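*Asks:* Please find one structure pasted underneath; my questions will follow.
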Number of protein chains: 2
Amino acid sequence: MSNHPADDGQTGIKSVDTSLDIVETLTTEGPMTITELAEVLDRSPSNVLAHLRTLERRGFAVKENDRYRPGLRYYEVGNSIKENYPLYVHGTDPADELAADTGEYVWLMVVEQGLGYYLYKTGGEDAVESGAYTTGSRWRLNATASGKVVLAHMDDDELDEVLDAHGLHSMTPNTITDRDALEAELETIREQGFARDREEAAVGIRGVAAPVRGLDGVIGTVSLSGPASRIEGEYFQSKLPQLVTETADIIRIKHNGARAVDR
Amino acid sequence: MSNHPADDGQTGIKSVDTSLDIVETLTTEGPMTITELAEVLDRSPSNVLAHLRTLERRGFAVKENDRYRPGLRYYEVGNSIKENYPLYVHGTDPADELAADTGEYVWLMVVEQGLGYYLYKTGGEDAVESGAYTTGSRWRLNATASGKVVLAHMDDDELDEVLDAHGLHSMTPNTITDRDALEAELETIREQGFARDREEAAVGIRGVAAPVRGLDGVIGTVSLSGPASRIEGEYFQSKLPQLVTETADIIRIKHNGARAVDR
DNA sequence: CGTATTGTTCGACCATGTCAAATCACCCAG
DNA sequence: CTGGGTGATTTGACATGGTCGAACAATACG
């Protein structure tokens, strides 16, 4: 019935699944009418209407000139999640500084359920805006510098779990898709303390990422990215890693300091 | 059973409501265990578990050291909504400039279901960070300069509807809570083309807001806010209104220009 | 070891989510 | 103004499946 993974025998609420199907369809496909939704999801219009009424009453869906779209309550809930992340709270200012110093994009990423979410993006006045690169969207961990950093600091069980769940998906010809090659890369990352992205997520874009360590484990990453024309040579080899690692340290210190004071 | 408004006889999906109850509780109260949630929402733990399993499988809830919290998919959906707003797409750069020129906070606000949502906040290096003021949260329209601007440009039916739905809630002693006083204020706003906030949303904070007009009606607002100690005198009376209105015009032109090109 | 607490499974009941069909609202073409 | 077509909404009836309680498992604590 549902086309979603993990539709296993487990307990679950099917009607909640349909509401989520509706919202996800509206986010990916754009605003739709009731009949269109009913068509796509293969359910009766009356049923779709019932769901949309519930969602609309709660602010999670909105009718806008005869079409429905997800409501801004998603934005409200999402923002509140973001602001509860220590990485975001303590990371934005240092990230802004790094961006100002380098003129490139600087990112903050966290991992949830084996996928990377970019919580913050800053800077990049000189850079070309590449549409796909934006905050909020999910990324597979093997394809980005930030993702590889997090993978490098997982124990083996976690690593297996993540790779089993999401695989080694290829984004560009340079994406690491071989398990052994990935293991070697992760070892290198552990040794040097940071990761490089050699046009593995998008052609023409290189980057460097460093882990931000919390009291137990990595709480997220800082990364910097820009066009391969600028990110190269000694700058790419040693200067940027140094800058990014320093920024990660600043965030770590702010974070751990704040935690101690919390008590 | 439910404590929510509009629990009228209309058609709706009750189990979706409970899932939304769960998520909203988790956002406002913070991470909770299953039994805690069951307690608060007055339902069986097994039922709460079934909901959380569904939400977790879809990334809309996450278990984090024995407690559940809303998942980052809310952030993802919310961000995608935000980025579809023309006000956001064309407004951030002009807002940044205004913030750089004045050193105060600059905001972009849109209205959904009669409530104001701030999509963007920028600047304010000199200003004190006031916790409640953040993007994403909903505001009643009568209590802010931005809100009043939108109300001023509604037709009477809409105005009645909004005020009936959300009332004239007071935030500070200066909040306009009288219907006639509000009508007079809205008339003034229409005449002068912008609105002032005289410590009506928060004590010690003043602001100015201007409407951004689209092809049919107001698509949102730009506003500027800061401490009453700085926002006063001639600056508050004429300079700021001029700057904010200019910024609104810049956004409007970018917006309408872009729309024409879309064809 | 027991005891308390929370998470999870299971079975059964009946609320309710679902669909089909009928009705209504709206828009155009003629 | 009329009629036909499209999409939204209402209604009623059926069976799915959402719900709860009770039993069970897992864990923590003394």
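Rule-based calculations on the coordinates, nothing more; no lab input. Remember, predicted model here, so these are calculated numbers, not experimental data. For neighbour counting, all protein chains shown are included, and Cβ atoms are generated from backbone atoms with ideal geometry for every residue, glycine included.
*Asks:* To the nearest 10 degrees, how steeply does helix B:240-262 sit against the main Cα axis of chain B, on a 0 to 90 scale?
*Replies:* 70
*Asks:* Continuing with this model, one more query. In whole Å, what are the Cα extents of the range B:14-76 along the three principal axes, biggest one first?
*Replies:* Largest first, the range B:14-76 extends 30, 26, 20 Å along its Cα principal axes.
*Asks:* Treat every Asp and Glu Cβ in chain A as -1 and every Lys and Arg Cβ as +1, leave all other atoms uncharged, and give the resulting dipole magnitude about the Cα centre to the nearest 20 debye.
*Replies:* The dipole magnitude comes to about 920 debye.
*Asks:* Cα convex hull of the range A:85-262: how many Å³ per residue?
*Replies:* In the range A:85-262, the Cα convex hull volume per residue is 108 Å³.
*Asks:* Shortest first and in nm with one decimal, please list how far the A:Asp155 label point sits from its counterparts in the other copies (point 7 Å along Cα→Cβ).
*Replies:* Taking the point 7 Å beyond Cα along Cα→Cβ, the inter-copy spacings are 6.5 nm.
*Asks:* Please report, for A:Arg230, the nm distances (one decimal) from its label point, 7 Å out from Cα along the beta-carbon direction, to the equivalent points in the remaining copies, shortest first.
*Replies:* So the distances to the same position in the other copies read 2.9 nm.
*Asks:* For the protein assembly as shown, what is the per residue volume of the convex hull drawn over the alpha-carbon atoms, in cubic angstrom?
*Replies:* Measuring per residue, one finds 175 Å³ for the Cα hull of the protein assembly as shown.
*Asks:* Separate question: Could you give me the radius of gyration and the Dmax of the range A:91-185, taking only the C-alpha atoms into account and expressing both in angstrom?
*Replies:* When restricted to the Cα atoms of the range A:91-185, Rg and Dmax are 14.4, 41 Å.
*Asks:* Who wins for biggest fluctuation among A:Ser170, A:Ser19, A:Ser80 in a Gaussian network model of chain A, springs between alpha carbons below 10 Å?
*Replies:* A:Ser19
*Asks:* Let me ask something else. Distances from B:Asp42 to the same residue in each other copy, label points 7 Å out along Cα→Cβ, in nm, shortest first?
*Replies:* So the label point of B:Asp42 gives 4.0 nm to the other copies.
*Asks:* Take the residue pairs A:Lys82/B:Lys82; A:Lys121/B:Lys148; A:Lys63/A:Lys121 and return only those whose Cα atoms are more than 24 Å apart.
*Replies:* In this structure, A:Lys121/B:Lys148; A:Lys63/A:Lys121 lie more than 24 Å apart at Cα.
*Asks:* Then there's this: Pairs of Cα atoms under 8 Å, at least six residues apart: use those to get the relative contact order of the range A:14-76, whole percent.
*Replies:* Numbers: 60 pairs, mean separation 21.0, N = 63.
About 33 percent, as a whole number.
*Asks:* Could you order the peptides A:43-56, B:24-37 from most to least packed, using the average number of other C-beta atoms within 10 Å per residue?
*Replies:* A:43-56, B:24-37
*Asks:* Hey, another quick one. Name the residue, out of B:Ala195, B:Ala152, B:Ala38, whose mean-square fluctuation peaks in a Gaussian network model built on chain B with Cα pairs under 10 Å.
*Replies:* Highest fluctuation of the listed residues: B:Ala38.
*Asks:* Just which residue of chain A brings its Cβ nearest the axis of rotation onto chain B, and by how many angstrom, rounded whole?
*Replies:* A:Gly78, 2
*Asks:* Let me ask you something else. Could you work out how far the C-alpha centroid of the range B:142-198 sits from that of the range B:84-107, in angstrom?
*Replies:* Computed from Cα coordinates, the inter-centre distance equals 23 Å.
*Asks:* Still on this model: For peptide B:79-91, how many partner chain Cβ atoms fall within 10 Å of a residue's Cβ, on average?
*Replies:* 4
*Asks:* Would you work out the relative contact order for chain A, in percent, from Cα pairs under 8 angstrom that are 6 or more residues apart?
*Replies:* About 14 percent, as a whole number.
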